[in-house]
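Bear in mind these aren't lab numbers, they're just calculated from the coordinates by the rules spelled out. Note that the structure is a prediction, hence the values are computed from the model and not measured. Cβ atoms come from the backbone with ideal geometry, glycine included; neighbour counts cover every protein chain shown.
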Amino acid sequence: MARRLPAMIAATLLFAGPTLTTASAQSPTPQDETITFVYGDSSEPSSFSPFKGYLATEFYFWAWSYHLPITFAVDDLGAVPDFVTDTEVSEDGTTFTYTVRDDLVWSDGEPMTAEDMAFTLNIYKEKHAYLPQGYLGLVESVEAPDDTTVVLRTSEPTSLYSGAAPYMYTYILPEHVWSDHADAPKQYENVPSVGSGPFFIAEYERGQFVRMERNPHWTGPEPHIDEMIYRIFNNDDAVAEALKAGEIDFAYIDTPNVFNSLEGEPDIETFVGPIPEFDELAMNAGSAYQEPEGAFEPHGDGHPALTDPVVRRAVRMAINSEELVERVQLGYGVPGDSIIPPVSIAGARWEPSDSERIPWDIEGANQLLEEAGYTDTDGDGVREMPPGSLEPGRPLELRYYTQTNDQNTIDAAPFIRSWLEDIGIRAEVTAMSSGRLGNELNAGTYDLFHWGWIPDPDPDAILSYFQCEQRPPDGRTYGNNDAYYCNPEYDRLYVEQRTTLDPQERLEIIHEMQRIFYEDAAYAVLWYPPTFQAYRTDRFTGYQSQPAPEGDLLSGYSRDVALSLRPVGGEEGAGTSTQARGISAGVWVGIAAGVVVLIVILMLVRRRGVSEDRA
Amino acid sequence: MRRYLAGKVFQALLTLAFVLAFNFFLFRVMPGDPVALLLRGTSALTAETVRDLRRDLGLDQPLPQQFLTYSADTLTGNYGRSLTTGAKVTEEIGSRIWPTVLLVGASTIASAFLGLLIGIHGGWRRGSRFDLGSMGFSLVAYSMPEFWFGILVLLALAGGVGFFPAIFPTGGYQTPGADLTGFAHVVDVLNHMALPWLTLTVAYLGEYALIMRSSILDVMGEDFVTTARAKGLREQQVLWRHTVPNALLPTITLTFLSLGFVFAGAITIEYVFSWPGLGLLTVTAIDEKDFPLLQALFLLFSAAVIVFNLIADLLYAYLDPRVRAG
């Protein structure tokens, strides 16, 4: 009897067969004229509140829904007036009078005024908004004497707020919304949001999607799309499949091999663009050997040889960044040198000249160490520290930490380890979670480690990290300066650039700081990784690289792409990404009926088989 | 019987209390300072920010104080707020629990049903072509990594490979922005559920089939089966009235244990298909070191397993009087 089972299944399928089509192919479900742009990535937003969000992901939503005082140009990340149209700087460089726009309306219909900007900057500073407060360090007061004027005063003369560069990366919030949450703004989730840009955040389903709708009161150029949806995936494979299947129009990919698999797919264009990011091999420049200073107490047990700039320079010389880019980054990315990546505001990056560059030179590194007295006295292939040093005779054996959750750090380790061996330094590689590595860094119990940073386009923040005062102070507390780099000259220049009024002069100081940091080699900047992007060519057009010509196609720093994106072939050729995929309702009903019929038949068969003899 | 019942309930409560205490310390001894992790790699970070965040999160209190607060809060149903979203932990879990129960519940039922049928028929006709085939299939299904199979299913049925058409959505619970309601919404969810359900059903099926098969083989050798045959009963009767009911006992434990794990979801499968259930929530909570959320989740998972174990124990006693007596 049971043998009939397969036949039943076949019959069910046969019955369902003719309707087994995808939903998008059948007559459309009630379709309005909504044009929706859908993009996907494998990153969950950390928060939509500018008080506590800290991932690149949420900046896309803020950029589309809020104004900055001065925003980033799409082509070179330079300064473009946004809410602030004009800036007057007092002669002493401590008072900044901004004229702001009066034609903007929040998405709930309230007008946007100078008061919103003054309120926002004050509350960011007062309530320690995680990212924004860093840009307000020198600010003493912000006031709005009338609807179109904002006056900002600083404790010291500075050019940072002059509007010459988009320094204040502080999105302006509606006072009438946030004043209700002024006591604890970090508790407010900001969904749905009230925005001044062309869109606002309408809906968020954690782990699923973020949806933005049009600001009905937007007075600027009309966008060509009605809605934007950000789909959240958990792995790159799913993102790639969704793009191929047309569920999404645009995708960010993290891993080079999944990205490579999209190349040559029909209707898909792939695009590699640099972002402001670098990977570094950092060295413990002396957490245990430096003088106590302010909150800083010497702690940890880093190798004493690394306090010597000559040894650090030799390590840098032993690393072949070009080969790492080729072998670890599969040819994507750019070999690294300075801590200001190629993507940053115009003129900020310094590049070593031919004479300044520390080249890949194993022989030169050996010679450098030999001359400084680090010789291999016992012939075991590992050099020892010279007489008269901190620990004479101690072999150059270093702990080298990588991260289990960052494959790049693991892949690079064998290369770097073997190069170090070539110059008589033995490194023992250990992989650990980023959490544990963070603890080791604070404790100063490491010699080398591999990690990375994503700096702002303005160099101020990343440069500030390597001041002496930013070292982890006591072994338990966090500090940005994880290499324990401390150079009074560097610190002096940092303060000077912050308070230099002439923008050109400031850039020169910034170049000098990068040169010093590069020379001192507490970080060996390994490479600048790219961002992998792919999009469907049959859906939307109007992408703009930020910065041009090959940066982020969705212009993550500004709202330009929100206004230029449009469906391929005009408004009628709108994408179908929001249409439900899958099999139709009829088929599901058929399947359900088939299952019920199957169960009934099975039970009947069983009962007959069991009861026949009873009769 | 009453003593048996009381003993089992007491045991369950004791286990739960242990889990409660263990939970707290487990998360506190994990390496990694959540504050440093939250802020690593962000700009504009100062010692002041770190101090603020630590205070906001209540991490500046001494450990015993944190434990007392935690115990009192747990007993009163106050699980605090998620470190990452700021929403109440109960709300976070509440919004994720139904997708998981739906997905894992549906696939547990389907795989138990199909697995038992396969096991019964395979065991009953040991050595037949069906038995060899189903054994092979069950072993493969049982031993294969779920997430790997999930990715294959995803590549084949969502993206489309070769003759496989791209039918189903790649992930998620519903089509974002489609605003479907009523029956259309149900169909949309079913379409999204199809692939993870298929993956889980196949992955769970093998275990049921293998256990049921060996259980049938055990029982087939018993004297009462021979007696039934000697009475002249038809094979179908011997199977369904005498063998299967006795062979079902061990699978009941398995089924209830599996039901206990329904809440823990299928972490890897939810991850692959972006299914917004408790499994996915757990993964993100681990990534973000979201202590309050993790504590509540682990408590829920442990409680579910303990409760379903208790039910299995009690049911066992009802079905098999020997257990009560022992």
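Numbers below:
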{"quantity": "Beta bridges by DSSP in the stretch A:278-527, antiparallel share as percent, to the nearest 5", "calculated": "60"}
{"quantity": "Global geometry of the stretch A:165-306, whether rounded, prolate or oblate, following the gyration tensor of its Cα atoms and the 1.5 cut on a/c", "calculated": "oblate"}
{"quantity": "Projected-area average for the stretch B:85-325 over all orientations - Cα convex hull basis, square nanometres", "calculated": "17.2"}
{"quantity": "Chain lengthening between A:ASP422 and A:GLU508 when straightened (0.36 nm per residue, less Cα-Cα)", "calculated": "27.2 nm"}
{"quantity": "Inter-site label distance for B:ARG3 and B:SER95 at 7 Å from Cα along Cβ, in nm", "calculated": "5.2"}
{"quantity": "Förster-model FRET efficiency, 41 Å R0, A:ASP183 and A:ASP411, C-beta, rounded to 0.05", "calculated": "0.30"}
{"quantity": "The stretch A:278-527: relative contact order in percent, alpha carbon pairs under 8 Å with at least 6 residues between", "calculated": "31"}
{"quantity": "Percent RCO, i.e. relative contact order, over chain A, from Cα pairs under 8 Å lying at least 6 residues apart", "calculated": "20"}
{"quantity": "Expected 222 nm ellipticity per residue - DSSP helices of 4 or more, -39500 (n - 2.57), all of the protein assembly as shown, to 500", "calculated": "-14000 deg cm²/dmol"}
{"quantity": "Bins of 5 Å from zero: percent of alpha-carbon pairs in the stretch A:278-527", "calculated": "1, 7, 13, 18, 19, 18, 14, 7, 2, 1, 0, 0"}
{"quantity": "Span-like helix ranges in chain B, DSSP H, alpha carbon extent 30 angstrom or more, Kyte mean at least 0.0", "calculated": "B:2-29, B:89-124, B:182-220, B:291-319"}
{"quantity": "Inter-chain Cβ neighbour average for residues A:127-135, partner chain, 10 Å", "calculated": "5"}
{"quantity": "Beta bridges per DSSP with both ends in chain A, % antiparallel, nearest 5", "calculated": "75"}
{"quantity": "Packing-based ranking, highest mean first, of A:280-293, B:61-74, A:371-384 given that Cβ atoms within 10 Å are counted", "calculated": "A:280-293, A:371-384, B:61-74"}
{"quantity": "Between helix A:5-16 and chain A: long-axis angle, C-alpha atoms, 0 to 90°, nearest 10", "calculated": "90"}
{"quantity": "Spatially close lysines, pair count over chain A: Cα under 20 Å, gap of eight or more or interchain", "calculated": "5"}
{"quantity": "Packing-based ranking, highest mean first, of A:55-68, A:496-509 given that Cβ atoms within 10 Å are counted", "calculated": "A:55-68, A:496-509"}
{"quantity": "Rel. contact order, % - alpha carbon contacts under 8 angstrom, at least six apart, chain B", "calculated": "26"}
{"quantity": "Extended-chain gain in nm, criterion 0.36 nm per residue less alpha-carbon gap, A:GLU323 and A:ASP102", "calculated": "74.2 nm"}
{"quantity": "Cα radius of gyration and Dmax for the stretch A:357-494 (Å)", "calculated": "17.0, 50"}
{"quantity": "Partner chain coverage, peptide B:144-152 - average Cβ within 10 angstrom", "calculated": "1"}
{"quantity": "Rounded if a/c under 1.5, otherwise prolate or oblate - chain A, Cα gyration tensor axes", "calculated": "oblate"}
{"quantity": "Rounded FRET efficiency, nearest 0.05, which uses the C-beta distance separating A:ALA593 from B:GLU235 and R0 of 35 Å", "calculated": "0.65"}
{"quantity": "Average other protein chain Cβ within 10 Å of Cβ, residues A:467-478", "calculated": "3"}
